[in-house]
Amino acid sequence: MNITVLGLGYVGCVSAASLAKLGHRVFGIDVQDAKVALINQGKSPIVEKGMDDLLAEVVAQGRLTAARSAREAVLASDVSLVCVGTPSRENGSLDLDHVRNVSREIGRALADHTGYHMVVVRSTMLPGSLEGVVLPLLEAESGRRAGADFGVSINPEFLREGSALADYHNPPFTLIGAADARSGDVVQSLYEGIAAPVIRTDVRTAEMVKYACNAFHALKVAFANELGLFCRAQGMDSYRVMEIFVRDTQLNISPRYLMPGFAFGGSCLPKDLRALLHRARSLDLDLPVLSAILPSNQRHIEHAFRMIQRAGGKRVGVLGLSFKAGTDDLRESPMVQLVERLIGKGYDVRIYDRSVSLARIVGSNRQYIEQVIPHISTLLVSEPEEVVRHAEVLVIGNGSPEFRDALGGVRPEQVVIDLVRASDGAIAARYEGICW
């Protein structure tokens, strides 16, 4: 295809050269004369391994040329790839001025474009930016309608400086967010020469995935650095600790614990975090990331309580009291904290949890139930249907499979607050998920 790449910074330069290498005819557009001149000479305007050789090759073959004006390039192209910068303002907000400028340029050219044209945004933008900023400008300037006269899509990049060319051709996946099938098909065709899974989704999800990735990468760096400080202060080899840590691909480097839901609890996580942070304080270490975990967890419990408050009913049914399905462990269960808060505020609560009921009779947690939370244990009932009948507001507290069956008996006037995604929301009652 004929492709216009708008913005020849890091992402744009790598994308333009790589697309040219894959056999497309590419027009590179940038407002800086120096970048345009360097690319037309087959030289790289960025420092990146392999870029000089690749640019020299594709420019010599006539597959890539650069210019300042976008109009003629867009008119001659099937696809416009937006790769301009989205820097931070002083207050931390995202500056989309460059995105707005190129959207206007593309839109004006589309007014005279004779065929279907695809606009693909690779620039990093917050969810809602394509629909709220790019699309209105394209339609206003072109007088044409997205989805019929031209396509729009978000196609986030996952390029690391220093290995960008390798990352382009060997990505973890190719992510395409498009509002219609035709737009998604066009973008997917750009990557036919790349062996990687293609994930197609809606526009806002694709925009958000990019931020989820970068926030997690930043969190990982900060987490590793804080553990490194802790290890160093005690004379341990932090590299050895983390080398062993990352070998666990079942829990540590895995999808486990990364699905949104309710707060954590149990006998290990809260206790061990407190112990680690107490030792850190004794070593005069300030570990802000690790120190923020327990307060964040507590705020999540508060968020669940506010959801119940907003629902309006005073009769609350709770399905699941232990911190995890299939266990009777109530130690530091966030559900116990939530129920205690409800009782303290005068709510009429009924609870069903098969595992906890058994523990009250013969289990290892019988003493804890009888001595620490006797006021809660008296609220336990023997059948989930009894909780459902009682409740104006029904709270799903853990992922026990029988709770999904119980949801079949809810009534339209009830509110279901799901803390663990036990349902997809296709039930008779009003449904609210805590994080979805």
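Could you sort the peptides 220-230, 292-302, 383-393 by per-residue average Cβ neighbour count (10 Å cutoff), highest mean leading? List each step's numbers first, then the result.
Values: 220-230: 15.5, 292-302: 13.9, 383-393: 18.8.
Final packing ranking: 383-393, 220-230, 292-302.
Residues of the stretch 228-263 with amide nitrogen under 13 Å from the 7 Å Cα-to-Cβ point of I199?
Correct set: 255, 259.
Can you give the net charge of the other residues whose Cβ lies under 15 Å from the Cβ of D33, counting K and R as +1 and D and E as -1?
With Lys, Arg at +1 and Asp, Glu at -1, the net is +2.
About the Cα centre of the chain, what is the dipole size in debye to 20, counting +1 per Lys and Arg Cβ and -1 per Asp and Glu Cβ, all else neutral? Numbers along the way, then the final one.
Working: 47 positive and 50 negative charges, 133 e Å.
Computed charge dipole of the chain: roughly 640 debye.
Taking the Cβ of N398 as the centre, find all other residues whose Cβ is under 15 Å away and add up their charges (Lys, Arg: +1; Asp, Glu: -1). It would help to have the intermediate numbers written out before the result.
On the way: positive: K324, R331, R354, R404, R421; negative: D328, D329, E332, D353, E402, D405, D418.
Here the charged neighbours net out to -2.
Count the DSSP beta bridges whose two residues both fall in the chain, then state the antiparallel fraction as a percent rounded to the nearest 5. Before the final figure, lay out the partial values.
Working: 3 of 48 bridges.
Just about 5 percent of them are antiparallel.
For the chain, what is the accessible area per residue in Å², given a 1.4 Å probe and the full set of protein chains? It would help to have the intermediate numbers written out before the result.
Values: 21470 Å² over 436 residues.
Value returned for the chain: 49 Å² of accessible area per residue.
Towards the positive end of the charge dipole of the chain, with charges on Cβ (+1 Lys, Arg; -1 Asp, Glu), say which of L319, A212, L64 has the farthest Cα.
L319
Using +1 at the C-beta of Lys and Arg and -1 at the C-beta of Asp and Glu, which of V121, Q367, V152 has the Cα lying farthest in the positive direction of the dipole of the chain?
Projecting each Cα onto the dipole axis, the largest value belongs to Q367.
Using the eigenvalues of the Cα gyration tensor, what equivalent ellipsoid semi-axes result for the chain when each is taken as the square root of five times the eigenvalue, whole Å, largest first? Can you show the working numbers first?
Working: eigenvalues 544, 162, 60 Å².
With the √(5λ) rule applied to the chain, the semi-axes are 52, 28, 17 Å.
Span-like helices, the chain: DSSP H, alpha-carbon axial extent 24 Å or more, mean Kyte-Doolittle -1.0 or greater, which ones? If you can, show how the numbers build up before the last one.
Values: long enough: 203-233 (46 Å, 0.50); 293-311 (28 Å, -0.56).
Once both thresholds are applied, what remains is 203-233, 293-311.
Stretch Q298-Y116 to full length: gain in nm at 0.36 nm per residue minus the Cα-Cα span? Present the calculation step by step, with values, prior to reporting the outcome.
Working: separation 182, 0.36 × 182 = 65.52 nm, distance 5.20 nm.
Answer, rounded to one decimal: 60.3 nm.
Summarise the accessible area of the chain (1.4 Å probe, protein heavy atoms) by the percent that is carbon and sulfur. List each step's numbers first, then the result.
Details: 11220 of 21470 Å².
That fraction is 52 percent.
Simple spin-label model, 7 Å along Cα-to-Cβ: N101 to V381 in nm?
With each label point 7 Å from Cα toward Cβ, the separation is 6.5 nm.
Just read off the accessible area of R279 with the full protein assembly in place, 1.4 Å probe, to the nearest 10 Å².
Spelled out: R279, probe radius 1.4 Å, area about 120 Å².
Please compute the modelled spin-label separation between Q188 and L75, points set 7 Å along Cα→Cβ, answer in nm with one decimal.
3.4 nm
Calculated from DSSP H runs of 4 or more alone, at -39500 (n - 2.57) each and per residue, what is the 222 nm mean residue ellipticity of the chain, nearest 500?
On the way: 19 runs with 190 residues, N = 436.
Computed mean residue ellipticity for the chain: -13000 deg cm²/dmol.
Report the charge-dipole magnitude of the stretch 1-79 in Debye, nearest 20, computed about the Cα centre from +1 at each Lys and Arg Cβ and -1 at each Asp and Glu Cβ. All intermediate terms of the calculation are to be shown ahead of the outcome.
Details: 8 positive and 8 negative charges, 14 e Å.
Here the stretch 1-79 has a charge dipole of around 60 debye.
Could you work out the local net charge near V187, counting Lys and Arg as +1, Asp and Glu as -1, over the other residues with Cβ closer than 13 Å to its Cβ? Show your work: numbers first, answer last.
Values: positive: R122, R182, R200; negative: D78, E157, D180, D185, E192.
It works out to a net charge of -2.
How would you order 333-339, 28-34 from highest to lowest mean count of nearby Cβ atoms within 10 Å?
On the way: 333-339: 23.1, 28-34: 18.7.
The densest-packed peptide leads the list: 333-339, 28-34.
If you put +1 on each Lys and Arg Cβ and -1 on each Asp and Glu Cβ, how big is the dipole of the stretch 329-424 around its Cα centre, in Debye rounded to 20? Write down the numbers at each step before the final one.
On the way: 11 positive and 15 negative charges, 42 e Å.
It comes to approximately 200 debye.
Could you sort 269-277, 318-326, 36-44 so that the peptide with the highest average Cβ count within 10 Å comes first and the rest follow in order?
Packing order, densest peptide first, comes out as 318-326, 36-44, 269-277.
The values are calculated or read from the model by the stated rules, or taken from the named source; none is laboratory data. Every value quoted in this text rests on a predicted model; they were computed, and no experiment measured them. Neighbour counts are summed over all protein chains in view; Cβ atoms, including those assigned to glycine, are modelled from backbone coordinates with ideal geometry. Only protein heavy atoms, including side chains, enter the accessible area calculation; ligands, DNA and RNA are left aside. Shrake-Rupley method; radii C 1.70, N 1.55, O 1.52, S 1.80 Å.
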